[in-house]
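Engineer: To start, I am sharing the structure in question, which I have written as structure tokens.
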Amino acid sequence: MINVKKLTVLILVVMIFFGNAIISTISASSDSSDIDIYADAAVLIEVENGQVLYDKNKHESMYPASTTKIMTAHLLLQNSSLSEQVEVTENAFRVRGSTLHLNKGMTLSVRDLLYGIMLRSANDGAIAAAEHVSGSKESFVEKMNQKAKEYGAKNTGFQNPHGLTNGYPDHNTTAYDLAMITRQALKCPEFRRIVNTTEDEIKLKDGTRELYNPNRLLKNYQYANGVKTGYTAMSGHTLVASATKDDITLVAVILGSDTRNALFNSAENLFDYVFENYEKIMVSEKNELVDSINIEEHDIELDVYTDSEVSYMVNTKEQSNPIEERNSLKDSLSLPLEKNDKIGEMMFFSQGEEIGATNLIIKEDVERPEAKNTSAITFVLIAGGVVTGFFVFFKNKKDK
């Protein structure tokens, strides 16, 4: 005979056990420390404002391998038209590793060169691009490093345009720096189109080159839309990946993975974590009226507006921190002013860290008030005095 009391206790124990398991699972899914990342370094950012949503050794110096070519392709796009013809030099012909098998003296369009660099990871194409833009590999590398600093990549030292590590021991960057570079590159529609292409072909004089993108996220992860893989013996497997869901675009950088499976699994885990736990909030709308200010010297009142949107990602599973607003106006304003002139800045902070900023502008022209015509006033006063004098003189003479 079944002991009802014991059965009831057993059921309660099972319910408590599974209940705790479910609660633990929910808690883990919203905690970034529980994300499985199989790599030496990784970072995940939201593209619009560069906000870091996950960090594992993001500033540690690493070998980027062929993710270097993100900057190479970006600079080629910035400095060339797609129809321009690029001639392959001896230097490009002699480079080894992954190539398009370009022959010396051959020409191909910038468009074909870009697809070869980003899909085939063509090292010969990278050298050809560098020499086409800057005349030499060395000059192009200087441009790469200069542009990296402009984008906030302060711990990057590129030594070549292709990412080979053999012979280039100081060719390094960080996960964070690669994310900042990619964030800027993704602003170009043509770049986004190229890195979201799974296969292509280019027709050269000596035959057709079939191109297949090794970024398998493009086929296996529904939100993926880029960017570039890489590998050398010294770097391990590297990946810069992008994904978009609704109005949120993310960039994940994975450096130093032992296997390709670990590489792509890490990226998927990061994307899933953010898409499941975060939402974007609008901190400031564009053309939002902020305040009115007085220019006392001229007795003028100006309406002040925001110049751009500012958004911020918040974890919906955690208590959000308050956002602090700080406005900074110019010490003095010289008239005249024109519509959309910047007169200050609005900055937003969370826990003391700046999370975004927008310029403060005016939405109408403001002319300099006309100075009073003192010479005319003086003339009127003098003339009036003269007339009055004559009137008094003749009146007194008549009375006599």
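Engineer: What single numbered condition from (1) more than 27 Å from Asn123 (Cα to Cα); (2) touching a strand residue (DSSP E or B) at 6+ places or on another chain (Cβ under 6 Å) fails to hold for Ala224?
Structural biologist: (1)
Engineer: I would also like to ask the following. Return the total of residues in region 316-345 being closer than 14 Å to Met282 by Cα and either touching a Lys or Arg at 6+ places or on another chain (Cβ under 9 Å) or surrounded by 13 or more Cβ atoms within 10 Å (Cβ to Cβ) (or both).
Structural biologist: The number of residues fulfilling the criteria is 2.
Engineer: Among the residues that make up region 72-81, is at least one of them in a loop (DSSP other than H, G, I, E, B) and either at pLDDT 95 or above or surrounded by 20 or more Cβ atoms within 10 Å (Cβ to Cβ) (or both)?
Structural biologist: yes
Engineer: If you go through region 31-67, how many residues are farther than 19 Å from Asn172 by Cα and assigned to a helix (DSSP H, G or I)?
Structural biologist: The total comes to 3.
Engineer: How many residues does region 127-152 hold that are within 17 Å of Ser83 (Cα to Cα) and buried (at least 24 other Cβ atoms within 10 Å of the Cβ)?
Structural biologist: Within region 127-152, the first condition is being within 17 Å of Ser83 (Cα to Cα), and the residues that meet it are 128-133.
Checking which are buried (at least 24 other Cβ atoms within 10 Å of the Cβ) leaves us with 128-130.
Of the residues in region 127-152, 3 are within 17 Å of Ser83 (Cα to Cα) and buried (at least 24 other Cβ atoms within 10 Å of the Cβ).
Engineer: Looking only at region 191-209, decide whether some residue is in a helix (DSSP H, G or I), at pLDDT 95 or above and over 20 Å from Phe264 (Cα atoms). Write out each step before concluding.
Structural biologist: Applying the first criterion (in a helix (DSSP H, G or I)) to region 191-209 yields 191-195.
Imposing the further condition that a residue be at pLDDT 95 or above reduces the set to 191-195.
Right, trim to over 20 Å from Phe264 (Cα atoms) and you get 191, 193.
Yes: one or more hits.
Engineer: Would you pick out the residues in region 285-298 that are in a loop (DSSP other than H, G, I, E, B) and either in contact with a helix residue (DSSP H, G or I) (Cβ under 6 Å, 6 or more places away or on another chain) or at negative phi (or both)?
Structural biologist: From region 285-298, those in a loop (DSSP other than H, G, I, E, B) are 285-288, 296-298; that's our starting set.
Matches in region 285-298: Glu285, Lys286, Glu288, Glu296, Glu297, His298.
The values are calculated or read from the model by the stated rules, or taken from the named source; none is laboratory data. Since the model is a prediction, treat every value here as computed from it, not as a measurement. As a convention, Cβ positions derive from the backbone with ideal geometry for all residues, glycine included, and neighbour counts pool all protein chains shown.
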